[in-house]
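In what follows, a structure is listed as C-alpha cells, so that the remarks can point back to it.
The values are calculated or read from the model by the stated rules, or taken from the named source; none is laboratory data. From a predicted model like this one, the values you see are computed outputs, not experimental measurements. Cβ coordinates were reconstructed from backbone atoms using ideal geometry, including for glycine residues, and neighbour counts include every protein chain displayed. To get the accessible areas, we keep the full protein, side chains included, count just its heavy atoms, and leave off ligands, DNA and RNA. Shrake-Rupley method; radii C 1.70, N 1.55, O 1.52, S 1.80 Å.
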Amino acid sequence: MKEKFKFTFNLALLVIWAVLFAGIAVKAPGFLSYNYIVNVMLRNIVEIGMVALPMTLIIITGGIDLSVGNTMVLAAMLGGMAAAKASDIAGVLVTLLTGAVCGLLNGVLIAKAKISAMVTTLASMFLYLGMARGVSHGDSVYSYTFSEYMGTMSFLGIPLQIWLYVLLALCFTVLLKKTAFGRKLYSIGLNPHATKYAGVNTEKILVIIYVLCGMICALVAFIFLGRFTSVKYDAGTNFNLKVITVVVLGGTSINGGIGDMKGTIIGTLIIATLNSGLTVLNIPIDVQTIVQGAVLIIALISYAVVNNRARKKRIIKVEAPDALS
Amino acid sequence: MENATILRLQDIVKTFPGVKALGGINFNLKSGEVHAICGENGAGKSTLMKVVCGVYRPDSGSIEVNGKKESFSNPMEAYRKGVSIIFQETSLFEEMTVLENLFLGHEITKKAGPFTVIDYRAMTIRAEEIFRRLSTQIDLHVQIKALGMAQKQMVEIAKALTFDANIIIFDEPTASLTQREVTALFAIIRSLKAEGFGIVYISHRMEEIFEICDRVTVIRDGQYISTKFTSDTDKDELVADMVGRKMGSYYPKTETEIGDTLFRAEHYYDSGFVTDISFYARRGEILGFAGLAGAGRTELMESICGLAPRTAGRLFMAGNEIEVQSYKDAMARGIVYVSEDRGKYGLIADMSIENNIALPQLDKLVNKFDILNTEREKELAGRYMTDVGIKAPDGEFLVTNLSGGNQQKVAVSRALALKPELLILDEPTRGVDVNAKAEIHKIISGLTQQGLTIIMISSELPELIGMCDRIYVMKDGALAGCFDRGEATQEKILSVALETKSAAG
C-alpha cells in the first residue's frame with residue numbers, strides 16, 4: 001500500500017514535469033534541441049541534483065543540512081588554493097578532506113551532542129561561509145586542471161558530470177530502497193528512540209550520512225569550480241535552499257520517515273526544466289522565482305491530497321483485523 | 001438538592017479499531033455521593049471517564065449533566081459545564097507555575113485601558129481561597145516540576161475547584177501516593193462530599209473503595225456488570241464481579257522444570273539511581289520484578305541491556321562473565337528486552353509488522369553489499385507471526401493500525417525472532433484488553449516450556465503472583481525483598497514495596 005501511494009505521488013510529479021516540459025517546448029521550440037537540454041538544462045542542475053541525493057537521506061532521518069552550499073564552496077576554495085600552491089593532487093585531496101571534515105563536524109554535533117540538525121547546520125553554514133571568506137580574503141579562487149576536466153569534459157557527447165550524476169543517482173536509489181542501511185534511515189526518521197532500542201547504532205548512521213553528504217559536496221566542488229572557472233566565498237548562498245527545495249518537491253517529508261530517491265530525481269528534473277525553460281522564454285528572473293515558488297506549492301498540495309487519500313484507505317482497511325479477531 | 005442525580009450515563013458505547021472498549025455502560029451519580037467505578041486494568045474505567053469529559057466521543061449513548069443532555073468535545077468544555085477530571089497522569093504543565101496552571105484556559109481578566117490583561121491579583125485571591133478550603137498550603141508561584149506527586153494532585157483538585165464544577169472524577173488517585181498522603185486525600189474527598197459535590201472514584205483497590213465510597217459500579221471487559229451500595233456488599237463479591245470467574249484459573253501458569261542458574265547480576269549499579277543489585281534467574285523460570293512506579297525496575301533492565309550506562313557490577317550468563325556495552329552486545333549474548341512503552345521505544349508504528357520484526361537483525365538478512373533479502377525477511381516475520389498469533393491480514397500491515405494487544409504481540413515476536421535465552425518483558429500487558437492479556441500470558445507460559453528464561457516487570461501484582469516462580473521487589477533503586485511462588489501475596493509485596501517510603505513520607 002505504501003509502495004502504491006509513493007507511485008501515485010511520483011506519478012503526479014511526473015505529470016507536473018511533463019506539463020511544464022511540453023508547455024515550454026510549445027512556446028519555445030528551440031528548447032527541444034539536444035544541445036540545449038543536455039548542455040544547458042541538465043548541466044546546470046547537476047550540482048544541485050547531486051547534493052540532493054545525500055540530502056534526501058538526511059531529511060528521511062528527520063534531519064537537514066543547511067550548510068551544503070558553503071561546504072561545497074569552502075572545499076572548492078581550499079582545494080583551488082592547494083592546487084595553486086602545490087599540485088592538482090594536493091588540490092583534490094584537500095577538497096575531499098574539507099568536505100569530509102565539514103560533514104563530520106555536522107554529524108558529530110547532531111548525533112553525539114544531540115543538537116538539532118537545523119541549529120547545528122545553520123551555525124556551520126555561517127562558520128563555513130566565514131572561513132571561505134577568511135582564507136580567500138574575499139578574492140576569487142581559480143580552477144585547475146582536474147576541476148576543469150570535471151566541469152567541462154564530455155564522454156560520448158554527454159558532459160562527464162551528467163554521467164556521474166546518473167551513476168550516483170542509481171547508487172543512492174539502491175542504497176535507500178534496497179539496503180539494510182536505507183531501511184534503518186527510514187526507521188530513524190519514524191522513531192529514533194525505538195530504532196535505538198532495536199539495537200541499531202543510530203549515532204553511527206547519522207555521522208555516516210552527514211560525512212557522506214560532505215563528501216558529495218566536495219565532489220560537486222570540482223564540477224562547480226570547473227564549470228565557472230573561479231569561485232567566490234558567497235557563491236553557495238542560494239545553493240542550500242535550492243537543494244532542500246528539490247528534495248521537498250520530490251515528496252520527502254521534512255519530518256522524516258517518508259520519501260524516496262525517485263521523487264528527488266523527478267524534483268530535480270522539474271526545477272531544471274523550470275530554470276532553463278523560463279530563461280528560454282525570456283521571462284525575467286523575478287517572475288521565474290515566483291513560478292518556482294508556485295510550482296513547489298502545487299507539488300506540496302498534490303502531495304497532501306494523495307497523502308490524505310492514502311490515509312483514508314488505511315482507515316477502511318483497519319476493519320480487517322477486527323473481523324479476524 | 002440533596003440526592004439529586006447530577007450525572008447520568010446511559011448505554012455508552014465506544015469502539016476503537018480492533019477493540020470494543022465500552023459496550024453499553026450505565027452509571028449515575030448523586031450529589032453528596034462518592035461513587036466508585038472499579039474493574040481490572042483494561043476493563044474500560046478510564047475510557048469511560050474520558051468519554052464523560054469529552055476526550056473521546058461515544059459511538060452511541062447519552063450523557064446527562066445536572067439534568068441536561070450534553071456532548072462535550074473537549075475537557076475544557078466539560079469543566080465549564082461542571083465536570084472536572086483528575087487524571088491518572090496529571091495533566092499539568094511542568095514549566096508553568098501553580099497559579100498559571102490553575103487558571104489555564106480560563107484566566108481571570110481585567111481591562112487595562114484598551115487591552116484585556118490577566119488579573120493576577122484576582123487569580124491569587126481565588127487560588128488562596130481554594131487552597132484554604134482544601135486546608136493545604138502550596139506556593140502559588142513555583143513551577144509544577146518542583147512539586148511532588150501528592151502536591152501535583154492537590155493542584156489538580158484545586159484546578160477542578162476553580163471551575164464551578166460539582167462533579168469531580170478521580171482516576172486512580174492513590175496510585176502513586178504514600179499512605180499518609182492517601183489519608184490526607186480522603187479527608188479532602190470527605191469534605192468535598194459534605195459540600196455537596198458528586199465524586200466519581202475510579203480504583204481497583206478494594207480497601208479504598210470500602211473506606212471512602214457509598215456505591216460501587218463494576219465494569220468488566222467494557223461491559224456494565226453491577227451497581228451496589230458498599231454497605232451491602234463485600235470484597236469477595238466485588239472481586240467476583242470484576243473477574244467474572246474463579247481467580248485461580250485466570251493465569252495459565254504451567255509448571256516447568258527449573259534448571260540451573262542462567263543469568264546473574266552482582267552488585268550492579270547504573271549511572272546513579274539503581275544501587276547494589278544482585279539477583280539471578282534460572283533456566284525455565286519466570287522471574288517477576290514488583291515495585292512502585294519509579295522504583296528503578298525499568299532503569300535496571302535497560303542498563304543490563306546496554307541501553308543505559310552502568311557504573312559498577314558484573315553480569316554473568318551461564319557462569320561466564322559478559323561485557324555489555326550496547327544493546328547489540330546484549331542481543332548477541334541472548335538477552336532481549338521488550339520495552340514498557342511500545343509507542344515510544346518499542347515499535348516503529350508507521351512501519352509494517354514484518355519490517356518491525358526484522359529491524360533488530362537486519363544485518364543478518366543482507367548479502368555482502370548490504371542489500372536486504374526481503375524474501376527472508378518475510379519468512380522470518382511470517383514464522384513468528386504465526387507462532388505468536390498476531391491477528392493481521394498480512395505482514396505488510398502497518399503496526400499503527402493494530403490493537404494494543406496485537407502490537408504487544410509484534411513486540412514479543414520481534415524479541416523471539418532474535419532467539420533469546422533471557423527475555424526481559426517490561427509491563428507486557430499494559431494497555432491491552434483482557435483477551436489479549438490472557439493470550440500474552442499463555443504465550444509467556446509456553447515460552448518457558450521451551451527453556452526460555454523470562455524476567456517480567458509488572459505493576460499488576462495479581463499478574464506477577466499468578467505468573468512468576470519468584471518475585472523480586474524493588475524500592476528506591478534497590479532490591480527490597482524476594483518471594484517464592486508459594487509465599488507471595490499482594491499484601492506482603494506491597495508492604496515491602498511501600499515500607500520506608502510511607503514512614504518517610
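B:E70 satisfies every condition listed in (1) open to solvent by 40 Å² or more (accessible area, probe 1.4 Å); (2) modelled with pLDDT under 85; (3) among the charged types (D, E, K, R) except (1). Scan the range B:188-226 residue by residue and report those that are surrounded by fewer than 16 Cβ atoms within 10 Å (Cβ to Cβ) and part of a strand (DSSP E or B). The one that is surrounded by fewer than 16 Cβ atoms within 10 Å (Cβ to Cβ) and part of a strand (DSSP E or B): B:S226. Scanning the range B:325-348 for residues that are assigned to a loop (DSSP other than H, G, I, E, B) and open to solvent by less than 20 Å² (accessible area, probe 1.4 Å) gives B:G334, B:S339, B:L347, B:I348. A single member of B:R121, B:R132 is basic (K, R), outside the structural domain of B:A165 (by TED's automatic domain parsing) and surrounded by fewer than 16 Cβ atoms within 10 Å (Cβ to Cβ), and it is B:R121. Contact map, the range A:225-239: residues that are within 14 Å of A:V135 (Cβ to Cβ) paired with residues that are surrounded by fewer than 22 Cβ atoms within 10 Å (Cβ to Cβ) and at pLDDT 85 or above, Cβ distance under 6 Å, separation 6+ or inter-chain. Pairs shown: A:K232/A:S140; A:Y233/A:R133; A:Y233/A:S136. I'd like to know if the range B:292-301 contains one or more residues that are out of contact with any Lys or Arg (no Cβ under 8 Å at 6 or more places or on another chain), acidic (D, E) and not assigned by TED's automatic domain parsing to the domain that holds B:R485. No, the range B:292-301 contains no residue that is out of contact with any Lys or Arg (no Cβ under 8 Å at 6 or more places or on another chain), acidic (D, E) and not assigned by TED's automatic domain parsing to the domain that holds B:R485. The condition of being among the aliphatic types (A, V, I, L, M), surrounded by fewer than 22 Cβ atoms within 10 Å (Cβ to Cβ) and not assigned by TED's automatic domain parsing to the domain that holds B:R205 holds for B:A480. Filtering A:S154, A:S143 for residues that are open to solvent by 40 Å² or more (accessible area, probe 1.4 Å), among the small types (G, A, S) and either away from chain B (no Cβ under 14 Å) or over 30 Å from A:A90 (Cβ atoms) (or both) leaves a single hit, A:S154. With respect to the conditions (1) more than 12 Å from chain A (Cβ to nearest Cβ); (2) touching a strand residue (DSSP E or B) at 6+ places or on another chain (Cβ under 6 Å); (3) open to solvent by 10 Å² or more (accessible area, probe 1.4 Å); (4) outside any helix (DSSP H, G or I), B:K419 lacks only one, and its number is (2).
When you check B:I86 against the structure, is it surrounded by 15 or more Cβ atoms within 10 Å (Cβ to Cβ), closer than 30 Å to B:T47 by Cβ and touching a Phe, Trp or Tyr at 6+ places or on another chain (Cβ under 6 Å), yes or no? Spelling it out, B:I86 is indeed surrounded by 15 or more Cβ atoms within 10 Å (Cβ to Cβ), closer than 30 Å to B:T47 by Cβ and touching a Phe, Trp or Tyr at 6+ places or on another chain (Cβ under 6 Å).
Quick one: in the range A:170-179, of everything that is over 30 Å from B:D341 (Cβ atoms) and crowded, with 19+ Cβ neighbours inside 10 Å, which residue is nearest to the other protein chains (Cβ to nearest Cβ)? Top of the filtered list is A:L175. No other residue among B:I130, B:I125, B:I157 is assigned to a helix (DSSP H, G or I) and free of Cβ contacts under 8 Å to residues at least 12 places away in the same chain apart from B:I125. The set of residues in the range A:185-213 being among the hydrophobic types (A, V, I, L, M, F, W, C) and more than 8 Å from chain B (Cβ to nearest Cβ) consists of A:L185, A:I188, A:I205, A:L206, A:V207, A:I208, A:I209, A:V211, A:L212, A:C213.
Residue selection: A:L11 satisfies the criterion of being within 30 Å of A:G189 (Cα to Cα) and either out of contact with any Gly (no Cβ under 8 Å at 6 or more places or on another chain) or assigned to a helix (DSSP H, G or I) (or both). Selection of the range B:42-62 for residues being hydroxyl-bearing (S, T, Y), closer than 22 Å to B:G405 by Cβ and open to solvent by 50 Å² or more (accessible area, probe 1.4 Å) yields only B:Y56.
Within the range B:93-103, the presence of at least one residue that is touching a residue at least 24 places away in the same chain (Cβ under 8 Å), in contact with an Asp or Glu (Cβ under 8 Å, 6 or more places away or on another chain) and open to solvent by 40 Å² or more (accessible area, probe 1.4 Å) is confirmed.
Here's the yes/no breakdown for (1) surrounded by fewer than 18 Cβ atoms within 10 Å (Cβ to Cβ); (2) at pLDDT 90 or above; (3) under 14 Å from B:Y472 (Cβ atoms); (4) of a type in the set (A, V, I, L, M):
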| residue | (1), (2), (3), (4) |
| --- | --- |
| B:S271 | yes, no, no, no |
| B:I277 | no, yes, yes, yes |
| B:Y280 | yes, yes, yes, no |
| B:E285 | no, yes, yes, no |
| B:A293 | yes, no, no, yes |
| B:G296 | no, no, yes, no |
| B:M301 | no, yes, yes, yes |
| B:G306 | no, yes, no, no |
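Selection of the range B:349-391 for residues being open to solvent by 60 Å² or more (accessible area, probe 1.4 Å), in a helix (DSSP H, G or I) and either among the aromatic types (F, W, Y) or within 7 Å of chain A (Cβ to nearest Cβ) (or both) yields only B:D363.
Among the residues of the range A:111-137, the ones that are loosely packed, with under 15 Cβ neighbours inside 10 Å, within 15 Å of A:A75 (Cα to Cα) and among the small types (G, A, S) come to 2 in all.
Regarding A:G182, is this residue more than 9 Å from chain B (Cβ to nearest Cβ), open to solvent by less than 40 Å² (accessible area, probe 1.4 Å) and modelled with pLDDT under 95? For A:G182, the condition - more than 9 Å from chain B (Cβ to nearest Cβ), open to solvent by less than 40 Å² (accessible area, probe 1.4 Å) and modelled with pLDDT under 95 - is not met. If you go through the range B:139-151 and keep only what is open to solvent by 30 Å² or more (accessible area, probe 1.4 Å) and under 24 Å from the mean Cα position of the chain (by Cα), you end up with B:K145, B:A146, B:G148, B:M149, B:Q151. Taking the criterion of being in a helix (DSSP H, G or I) and away from chain A (no Cβ under 14 Å), the only residue of the range B:280-298 that qualifies is B:R297. Within the range B:392-408, the set of residues being part of a helix (DSSP H, G or I) and either within 9 Å of another protein chain (Cβ to nearest Cβ) or more than 30 Å from B:R264 (Cβ to Cβ) (or both) comprises B:V399, B:T400, B:N401, B:G404, B:G405, B:N406, B:Q407.
B:S303 meets each of the listed conditions (1) assigned to a loop (DSSP other than H, G, I, E, B); (2) within 14 Å of chain A (Cβ to nearest Cβ); (3) at negative phi apart from (1). Here the range A:1-55 is the region considered, the condition is being open to solvent by 80 Å² or more (accessible area, probe 1.4 Å) and among the aromatic types (F, W, Y), and the residue that is modelled with the highest pLDDT is A:Y34. A:T245 fulfils the conditions (1) open to solvent by 10 Å² or more (accessible area, probe 1.4 Å); (2) touching a residue at least 24 places away in the same chain (Cβ under 8 Å); (3) more than 28 Å from A:L11 (Cβ to Cβ) except for a single criterion, (3).
For B:L185, indicate whether it is touching a Leu at 6+ places or on another chain (Cβ under 7 Å), part of a helix (DSSP H, G or I) and open to solvent by less than 10 Å² (accessible area, probe 1.4 Å). The answer is yes for B:L185.
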